[in-house]
Every structure is written in structure tokens, then in C-alpha cells.
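The values are calculated or read from the model by the stated rules, or taken from the named source; none is laboratory data. Remember, it's a predicted structure, so these values are computed and weren't measured experimentally. When we count neighbours, we look across all protein chains shown, and the Cβ atoms used for this are built from the backbone with ideal geometry, even at glycine.
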Amino acid sequence: MVLLCTLYATPSIAADRVRLETSQGTIVIQLFAQQAPATVANFLKHVEAHFYDGLIFHRVVANFVIQAGGFDAEMKSREPLGTAVNEAKNGLRNERGTVAMARTSNPDSADSQFYINMRTNTNLDRTADNPGYTVFGRVIEGMDVAEMIELSETGIRSGMAAVPITPVIIRSASIDSAGEGS
């Protein structure tokens, strides 16, 4: 029984990259599985299940972050497939171009929502007083696409601020282990 639970929680393919095909273009993320194993496993579980396909970048704050993984274009949420413990003590920093997990005030509540840092956000790093946000990857291709998303006109939708007026859709998220986009 324990073996089945372990198999379910572990991605079936060793992957070091994920490709996001968005309505604005392609973003390729290099994953840091050694530094953030639980977070990468959780993210890959969502990718393999096509969880992100059809979701939008629902929070776009210029000179801060672009965030996705929670809502579709009608602002309907999807039930996440799991959570990951906070691994922000891994030495990785919320630098421009890194990818990290969003969470609630509970440090171990990261589930499906992730963000791309559009600047270095030291306030999101782990400190003695702040559990921080787990960095688990870096954009290695398509930072120009992330910058286009960052420039999206935003407004309030379904009570949420900073939502792009024209939805930026993740058409597909897929494993790109061979670096097909390079």
C-alpha cells in the first residue's frame, strides 16, 4: 500500500524541463530537482496530468511576478492534485527569471499555483522571520514571452485584482526532458 502511494506521488518520467505553450508564446523552465525535490515532483505531477492545460496567468503585477496555475479563462478554479512542503531553505533565491510556488500563509500549502519572478524579489526569500517561497526552476527560454505577459493590461475579475483583461492561456504544459526547444 505504501508503495502505491509513493508511486502516485512520484512523476513517472525523470524530467529536467517543462515547456509552457501559451497564447503569447513558449516558455521553457529548467527544473531544480536536487534542490527542491518535493516541489518539482508536485509540479511534474500536475504537468503529467495536463492540469495546467487551459489555465491562465491570473495574476500579473508589473515589476514583481506573473502567476498561473489556479484558474481558467472564466475564473473557475481547479482542485489541485497535491501539495508540497516548503523547501525555501534550499539556497535558491527569488531572482529575476526564477520560478517559485505560490502558497497561503501556511508555509507548507504550495499546491498548483506558481509564479515567474519578473525582478529579484528578496522579500520572498527565506529569512529568520519569513519561511519564504520555494524556488524550483528558472526560465531558460521565453523570458521575452514572460515580459510580454507582464505588460498585459489588467483589471479586477471575479473579485481578483491584477487579472489580464485579455486572458493569457497556458495551451499546454509538457515535459521537455530532451530540450526539444533548444
**Fill in**
Scanning the stretch 54-75 for residues that are touching a helix residue (DSSP H, G or I) at 6+ places or on another chain (Cβ under 9 Å) and part of a loop (DSSP other than H, G, I, E, B), the one farthest from M118 (Cα to Cα) turns out to be A62
**Asked** Hey, does the stretch 101-110 have a residue that's closer than 18 Å to V18 by Cα, surrounded by fewer than 19 Cβ atoms within 10 Å (Cβ to Cβ) and either of a type in the set (V, I, T) or modelled with pLDDT of 95 or more (or both)?
**Response** no
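With the stretch 78-180 as the region, which strands (runs of 3 or more DSSP E) entirely inside it contain at least 3 residues that are closer than 18 Å to N42 by Cα?
Working: elements: 98-101, 114-117, 135-141, 154-157, 160-164, 170-175.
Correct list: 98-101, 114-117, 135-141, 170-175.
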**Item:** Sole residue being within 19 Å of H50 (Cα to Cα) and either surrounded by fewer than 20 Cβ atoms within 10 Å (Cβ to Cβ) or in contact with a helix residue (DSSP H, G or I) (Cβ under 9 Å, 6 or more places away or on another chain) (or both), chosen from R93, R126, R171, R119
**Value:** R171
**Item:** The one condition in (1) charged (D, E, K, R); (2) farther than 21 Å from S177 by Cβ; (3) more than 13 Å from the chain's Cα centre (by Cα) that E48 fails to fulfil
**Value:** (2)
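Out of the residues in the stretch 63-100 that are among the hydroxyl-bearing types (S, T, Y) and within 23 Å of T127 (Cβ to Cβ), which is nearest to the chain's Cα centre (by Cα)?
T98
Taking the condition of a type outside the set (K, R), touching a helix residue (DSSP H, G or I) at 6+ places or on another chain (Cβ under 7 Å) and not in a helix (DSSP H, G or I), does Q30 pass?
Details: of a type outside the set (K, R): yes; touching a helix residue (DSSP H, G or I) at 6+ places or on another chain (Cβ under 7 Å): no; not in a helix (DSSP H, G or I): yes.
No, not satisfied.
Could you tell me whether any residue of the stretch 135-145 is free of Cβ contacts under 8 Å to residues at least 40 places away in the same chain and either of a type in the set (D, E) or over 15 Å from V65 (Cβ atoms) (or both)?
In the first step, residues of the stretch 135-145 are kept if they are free of Cβ contacts under 8 Å to residues at least 40 places away in the same chain; the result is none.
No, that holds for no residue.
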**Complete:** Reported set for the stretch 153-182 where residues are small (G, A, S), at pLDDT 95 or above and on the phi < 0 side of the Ramachandran plot is G155, A161, S172, A173, S174
**Fill in**
Going through the stretch 137-155 in order, the residues found to be within 16 Å of A100 (Cβ to Cβ) and among the acidic types (D, E) are E150
